[in-house]
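Worksheet for the structure shown next.
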Amino acid sequence: MVIVGGGPGGSSCAYWLAAAGWDVVVVEKKRFPREKTCGDGLTPRAVRQLADMGLEPELAGSHRYRGLRAYGFGQVLELEWPRHPAFPDYGYTITRHDLDAKVADRAAKAGAQVLQGTEAVEPLLAAGGAGAGGAPLPPLEGIVVNDVASGDRREIRARYVVVADGANSRFGRALGTGRDRSFPMGMALRGYYRSEHHDDPFIESHLDIRDAHGDIVPGYGWLFPLGDGRVNVGVGLLSTDKRWKGVNTTKLMETFVEWAPERWGLSAATCCGPPTGGKLPMGLAVGPHAGANTVVIGDAGGSINPFNGEGIAYAYETGRLAAGSVAEALGGSGTAALLAYDRRIRDAYGPYYKVARAFITLISNPAAMRVCVGAGMRSELLMSQLLRIMANLMRPDTLGPAEAGYRAMELVSGLLPDISAGGPPTA
């Protein structure tokens, strides 16, 4: 089988399939290590997946942090990651430049063939082109690839294809995936700065970022210490408010840097280079997620958490889920196993993401944000429980404040129209 993309989702899927003894080829356009725009923060969910792949020892030199320092409406709270039966109570920060290379190498050591500098340029459609067994995406015989250095093209034949080429997913769009525009879209911009507080034990989130006029915008700002002399600084915007299209993200980033706490020492003199950015499809906004012999995972399937913009953990998780379904398909279950993958990710994330979409739509209203976040920041207990919800760390073995709060939010969101039923995706 072949996997298009060697990022978090693709390499995770490759590792689990190769470790189970299946023949896997990963096609990656870039060569590792390579730069990737990201916040560089690993939450407990992501750490769990890396640990399960045997990679946590390789994170020993990375910066380990205890929790989140939240700023909002004049209040500051330090919230440690909660104890959980399935996830650790700590996270790491590590650049994608380093992290993605480690995971791809882990997949290769498990037996996957990782073709770097090789771009998947188009799907190789099977004769007839219609989906089998009611599958919404057409069957493939493989993919056409281009050697980036030489320009040579060739075909790679495969029984199954996993689409994992990121948020822009050119291969996915060529196959027939599209984004439901009624779902929220994120836009993020990040840069690196030198700072004496590069080893701070908390990552930092600012919940009431403002534009140059002092008006609150629908989004957040972050400062993530990397432990290597630098901090990752960024801003994220949400498309849940019509004003977002008129926001100049570069200016917003400059304003956030000027407004950030002085102790970080952010300035033009400490800037390591111009910021880079990208769009973030959220809440399973992109689909279909399965076809006759294909599955779509990670950012290519819009799996980013709308609550906090986290994508790495969900790329690892959907890659692992896809590996299980593809293995079932290879074992004889065929298309039915791939369609089961689509049901599994919707069962795993669908209700939670619906709550998240409702929540971020609410707080995108400045007045509602002042009430919800402004009041919440005055209660450490309330915000610590909200952190558990937003990071998807509710406990399955007890009904505490976070679990009860989430169930209440789920009940309310269940009364709202399901925007995922609003029509077919659009490119």
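The values are calculated or read from the model by the stated rules, or taken from the named source; none is laboratory data. On a predicted model such as this, the values are computed, not experimentally measured, just so you know. Cβ: placed from backbone, ideal geometry, glycine included. Neighbour counts: every protein chain shown.
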Do we have A292 as in the same structural domain as Y160 (by TED's automatic domain parsing) and at pLDDT below 95 here?
yes
Listed residues F307, F359; which is in contact with a helix residue (DSSP H, G or I) (Cβ under 6 Å, 6 or more places away or on another chain) and surrounded by fewer than 22 Cβ atoms within 10 Å (Cβ to Cβ)?
F307
Out of the residues in the stretch 46-97 that are among the charged types (D, E, K, R) and either in a loop (DSSP other than H, G, I, E, B) or in contact with a strand residue (DSSP E or B) (Cβ under 9 Å, 6 or more places away or on another chain) (or both), which is modelled with the lowest pLDDT?
R83
Single match in L280, L266, L284 (criterion: among the hydrophobic types (A, V, I, L, M, F, W, C), on the phi > 0 side of the Ramachandran plot, surrounded by 21 or more Cβ atoms within 10 Å (Cβ to Cβ) and not in a helix (DSSP H, G or I)):
L284
Residues of the stretch 201-219 satisfying the condition of being charged (D, E, K, R) and more than 18 Å from S239 (Cα to Cα)
E204
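Listed here are the residues, each with its yes/no results for (1) modelled with pLDDT under 80; (2) surrounded by fewer than 18 Cβ atoms within 10 Å (Cβ to Cβ).
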site: M394; (1), (2): no, no
site: P401; (1), (2): yes, yes
site: A404; (1), (2): no, yes
site: E410; (1), (2): yes, yes
Some residue of the stretch 19-32 being in contact with a Lys or Arg (Cβ under 6 Å, 6 or more places away or on another chain) and not assigned by TED's automatic domain parsing to the domain that holds L207:
no
Hits in the stretch 323-339 (condition: without any contact (Cβ under 8 Å) to a residue 40 or more places away in the chain and surrounded by fewer than 17 Cβ atoms within 10 Å (Cβ to Cβ)):
E328, G331, G332, S333
Would you confirm whether or not the stretch 216-233 contains a residue that is modelled with pLDDT under 95 and assigned to a loop (DSSP other than H, G, I, E, B)?
yes
Among the candidates G7, G41, single out the residue that is within 13 Å of the chain's Cα centre (by Cα), within 16 Å of A300 (Cβ to Cβ) and buried (at least 21 other Cβ atoms within 10 Å of the Cβ).
G7
So the helices (runs of 4 or more DSSP H) completely within the stretch 304-393 holding 2 or more residues that are under 24 Å from Y220 (Cα atoms) and of a type in the set (G, A, S) are 312-328, 335-363, 366-376
Please pick out the residue among L55, L50, L77, L17 that is within 28 Å of M390 (Cα to Cα), touching a residue at least 40 places away in the same chain (Cβ under 8 Å) and buried (at least 23 other Cβ atoms within 10 Å of the Cβ).
L50
Enumeration of residues in the stretch 159-179 that are buried (at least 21 other Cβ atoms within 10 Å of the Cβ), over 15 Å from D299 (Cβ atoms) and either outside the structural domain of R31 (by TED's automatic domain parsing) or not hydroxyl-bearing (S, T, Y) (or both)
V161, L175
Restricting to the stretch 186-200, what's the tally of residues that are crowded, with 19+ Cβ neighbours inside 10 Å, closer than 13 Å to R263 by Cα and in contact with a Cys (Cβ under 7 Å, 6 or more places away or on another chain)?
1
